[in-house]
Amino acid sequence: MHISTCSTRPFKDQRPGTSGLRKKVATFQRDNYLENFVQAILDSQPGLSGGSLVLGGDGRYFNRGAIQIILAMAAANGVARVILGRGGLLSTPAASCLIRKNQTNGGIILSASHNPGGPGQDFGIKFNTPNGGPAPEAVTEAIYRRTREITQFRILDAESVDLDSMGSCQLGEMLVDIIDPVSDYAELMSGIFDFDAIRELFASGEFRMRFDAMHAITGPYARQILEEMLGAEAGTVINGVPREDFGGGHPDPNLVHAHEIVELTRGVDAIDFAAASDGDGDRNMILGRNFFVTPSDSLAIMAATATMIKAYSNGLTGVARSMPTSQAVDRVARVLGFDCYETPTGWKYFGNLLDSNRITLCGEESFGSGSNHIREKDGLWAVLFWLNLLAIRRVSVADIVRQHWRDYGRNYYTRHDYEGLDARDAAGVVQHLQQQLDRLPGTRYGHFTVEFADEFAYTDPVDGTHSSHQGIRIGFSKGSRIVFRLSGTGTEGATLRVYLETYEDNPDKQDLPIAEVMAPLVAIAEQIGEIAKRTGRDGPSVIT
Ligand code: VG1
Ligand code: CO
């Protein structure tokens with residue numbers, strides 16, 4: 001078969017963000033846009049020529065076309081073997097699982113995660129390293145540098161591969177193994193959790209659950225694991241058929257976008273447990289009857305109860321959370337006596353801590369949690385963790401959380417997103433904050449006194465890599481915090497995120513309406529950040 005060497009010119013905007021390169025579908029479909037980025041991965045990762053690769057995506061619009069291009073380019077660049085999910089599908093956690101299990105030289109995941117899909121919406125591509133995790137900054141920067149100097153790419157002139165037939169086929173010199181996207185992942189889960197106990201919970205007839213796959217990748221995974229392996233009733237998984245446009249929805253599992261499942265947990269006929277996942281299956285939202293578990297609380301509760309779960313029964317080496325995530329897990333770590341790390345936003349920063357066994361569990365406020373079983377956050381894993389916990393404790397979700405608050409205190413937490421801002425306005429807010437950092441400490445705002453104000457920077461304890469400008473932190477007495485940062489996953493304008501947290505150890509004050517508790521901090525954030533004045537917005541577009 002013939003290999004074409006095509007000449008091309010660099011694009012300037014191919015620097016990966018928080019989680020890979022994300023752009024509008026039309027941008028990826030421009031002449032050579034995808035090809036340039038793929039060639040830059042192949043050029044900058046020496047192990048791939050002669051090596052192996054896991055490939056799959058979340059099934060969004062352009063997934064199949066992009067898979068064909070990547071296969072033909074991998075074959076032309078000497079990749080020896082590609083492990084491909086049938087239909088070109090793999091959830092992000094399943095891809096991580098396969099990279100590790102098959103010890104490949106990495107993986108390419110096609111997804112824009114929780115961003116909407118469809119011809120006018122978003123697409124994304126991400127490279128994962130041989131540990132199964134998102135490429136660290138040094139690797140993404142090397143890929144980016146290559147995109148700036150690229151002059152040609154190589155592609156095999158070949159027939160399309162039949163993505164839907166399992167088994168092996170040859171593409172030029174390259175072997176393509178098309179595998180079931182679910183089975184390896186399902187097997188991994190069955191080794192971590194007590195499936196018998198969860199089966200008994202479902203069989204008891206006293207427990208009703210629904211899982212919302214939001215027409216995204218987790219449908220087939222959840223059906224097989226929850227309904228087939230664990231015996232949850234048929235129909236437990238809703239919106240379970242993956243669609244290229246996610247059924248027109250926004251596959252982001254939060255109270256705003258996953259309102260359909262939220263409704264099922266309310267009212268007289270409310271179900272006991274509900275969960276949802278995002279476009280690529282790495283996020284999770286956990287709900288009980290009339291009860292929402294914040295992701296930060298979920299992480300803290302997992303850390304506090306981990307020894308009840310088979311895979312973690314020997315205890316945790318440590319935990320980590322992204323900087324804006326609430327400090328609830330820090331309190332658990334302090335009481336139970338293990339280390340707690342604070343990392344910049346994005347799963348790539350957990351990789352070294354997991355690889356070096358410094359931590360066992362980690363998570364982010366953005367509906368992501370995971371453990372050392374893979375190197376990505378893992379939506380269904382979190383759902384199974386909660387199911388396992390409920391199967392053992394046999395109390396309600398709300399009871400588990402309220403007990404946790406009594407034991408450790410409650411970190412009230414909320415995040416305000418201002419989406420689609422003019423990029424200069426958003427940068428203006430950050431600059432204005434930066435200018436105040438030196439003089440804020442000691443300033444009083446009502447009951448709150450600023451204890452510290454800084455721009456978060458992180459030095460990786462394993463390899464010494466330094467990451468700066470990771471968000472503005474303003475810390476108040478008694479653990480309250482306001483964090484400001486700009487999103488690195490959007491494709492239009494800028495998104496400003498404001499994260500608010502306050503601590504309450506008095507059990508009589510742990511069940512107050514969140515908006516009421518947060519109101520003073522919201523006002524302080526506005527006073528310090530001048531968000532309304534500088535962006536023209538009188539409130540956030542999404543509150544989670
Ligand atoms: C967001 C979240 C971050 C998460 C990232 C990728 O990034 O805040 O915590 O790791 O999305 O998640 P940002 O830069 O927009 O705040 V996913 O599910 O897109 O892989
Ligand atoms: Co995701």
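Okay, here's what the table says:
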item: Efficiency of FRET from Cβ geometry, Lys310 and Glu173, R₀ 51 Å, rounded to 0.05; result: 0.75
item: Residue list for region 445-462, given a label point 7 angstrom along the Cα-to-Cβ vector of Lys478 and an amide N cut-off under 18 Å; result: 445-452
item: Gain in span if fully extended, Glu419 to Arg444, counting 0.36 nm per residue against the direct Cα distance; result: 6.0 nm
item: Inter-site label distance for Asp269 and Gln435 at 7 Å from Cα along Cβ, in nm; result: 5.8 nm
item: Calculated FRET efficiency for the pair Ser396/Gln527, C-beta based, R₀ 41 Å, to 0.05; result: 0.55
item: Percent accessible area from carbon and sulfur atoms, region 2-181, protein chains only, probe 1.4 Å; result: 47 percent
item: Karplus-derived HN-Hα couplings along region 99-109 (A = 6.51, B = -1.76, C = 1.60, θ = phi - 60°), whole Hz, x at Gly and Pro; result: 4, 5, 5, 9, 6, 7, 7, x, x, 10, 10
item: Over 46 Å [Cα-Cα, the chain], rounded percent; result: 11 percent
item: Added length on full extension, which subtracts the Cα-Cα distance from 0.36 nm per residue, Glu200 to Asp339; result: 46.6 nm
item: Portion, in percent, of the accessible area of region 359-428 that falls on carbon or sulfur, probe 1.4 Å; result: 40 percent
item: Region 476-487 - phi-based ³J(HN,Hα) in whole Hz, Karplus 6.51/-1.76/1.60, Gly and Pro as x; result: 10, 4, 6, x, 6, 8, 10, 10, 10, 7, 9, 5
item: For Arg283, distant residues with modelled amide H under 5 Å away; result: Asp278, Gly379
item: Spin-label model distance (nm) - His469 vs Met1, 7 Å beyond Cα toward Cβ; result: 4.2 nm
item: Where the chain is the region considered: accessible area per residue in Å², 1.4 Å probe; result: 38 Å²
item: The chain: calculated mean residue ellipticity at 222 nm from DSSP helix runs of at least 4, using -39500 (n - 2.57); result: -9000 deg cm²/dmol
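The values are calculated or read from the model by the stated rules, or taken from the named source; none is laboratory data. For clarity, every value in this text was computed on a predicted model and none was experimentally measured. For neighbour counting, all protein chains shown are included, and Cβ atoms are generated from backbone atoms with ideal geometry for every residue, glycine included. What goes into the accessible areas is simple: the full protein's heavy atoms, side chains included, and nothing from ligands, DNA or RNA. Shrake-Rupley method; radii C 1.70, N 1.55, O 1.52, S 1.80 Å.
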